[in-house]
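The values are calculated or read from the model by the stated rules, or taken from the named source; none is laboratory data. Note that this is a predicted model, so its numbers are computed, not measured. Neighbour counts are summed over all protein chains in view; Cβ atoms, including those assigned to glycine, are modelled from backbone coordinates with ideal geometry.
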Amino acid sequence: MVQVVTSAVAALAGQHPELSCEVISATRPLPQHGPSNDLDIGVTRPRSRRLEVRELASYRLALFAARSYVDARPPIRARADLRDHCPVFYVESMLQVADLDLIDQFFPQRRRLIGATSVLAQVALVRAGAGVGLLPSYLAEPHSDLVAVLPHEVGVELTYWMTSRPANLRRPEVTAVADAISHGAARLRW
């Protein structure tokens with residue numbers, strides 16, 4: 001989703017030189033009282049009726065590893081084989097989003113984990129051969145050096161949601177950014 005957000009912000013900044021915008025990437029739950037920013041994007045759908053919520057795009061998390069990693073390690077033919085491999089995912093002590101707290105489903109007997117707070121860093125770690133990553137398919141599949149691991153057995157569907165307070169959307173600049181993000185997400189082919 002970072003590609004959609006950054007493309008939308010860049011296009012609007014080019015059209016409106018007076019626009020100031022900050023893109024903050026963090027894996028955290030939405031505060032109970034609503035977004036702390038003008039717009040928040042996350043995988044947990046807020047339930048408050050006091051918030052404006054837009055569905056942006058659904059995507060799949062799946063297991064991937066570097067081809068070199070797969071060739072040099074014990075084969076992965078079933079989920080039980082994952083216990084012999086190191087998962088690459090979020091930093092456990094910093095992951096606060098329940099919808100992303102998934103690693104134990106696939107690596108219940110793991111001995112260790114290599115974590116990164118950025119999903120782009122996770123992709124880079126997997127490409128470097130650090131282990132088997134639970135990655136968004138749309139980020140992993142374009143890399144020819146990555147292969148799907150247990151593609152028919154392991155996968156999770158998630159949805160990106162954009163949330164705002166109604167008062168924020170009454171500001172034309174916030175509405176313009178929200179609309180640009182929505183339009184960009186609608187064009188995705190994941």
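Remarks
- Any chance Glu153 is assigned to a loop (DSSP other than H, G, I, E, B), under 22 Å from Asp101 (Cβ atoms) and of a type in the set (D, E, K, R): yes
- Any chance Arg83 is in the same structural domain as Asp145 (by TED's automatic domain parsing) and within 20 Å of Gln105 (Cβ to Cβ): yes
- Taken together, the residues in segment 154-190 that are acidic (Asp, Glu) and closer than 30 Å to Ala80 by Cβ amount to 1.
- Exactly one residue out of Leu120, Leu125, Leu158, Leu95 is aliphatic (A, V, I, L, M), out of contact with any Cys (no Cβ under 7 Å at 6 or more places or on another chain), in a helix (DSSP H, G or I) and surrounded by 15 or more Cβ atoms within 10 Å (Cβ to Cβ), and it is Leu125.
- The set of residues from segment 43-71 being among the basic types (Lys, Arg) and not in a loop (DSSP other than H, G, I, E, B) comprises Arg54, Arg60, Arg67.
- Yes/no for Leu139 being crowded, with 16+ Cβ neighbours inside 10 Å, part of a helix (DSSP H, G or I) and in contact with a helix residue (DSSP H, G or I) (Cβ under 7 Å, 6 or more places away or on another chain): yes
- Residue list for segment 4-17, filter: assigned to a helix (DSSP H, G or I), surrounded by fewer than 17 Cβ atoms within 10 Å (Cβ to Cβ) and touching a residue at least 40 places away in the same chain (Cβ under 8 Å): Ser7, Ala11
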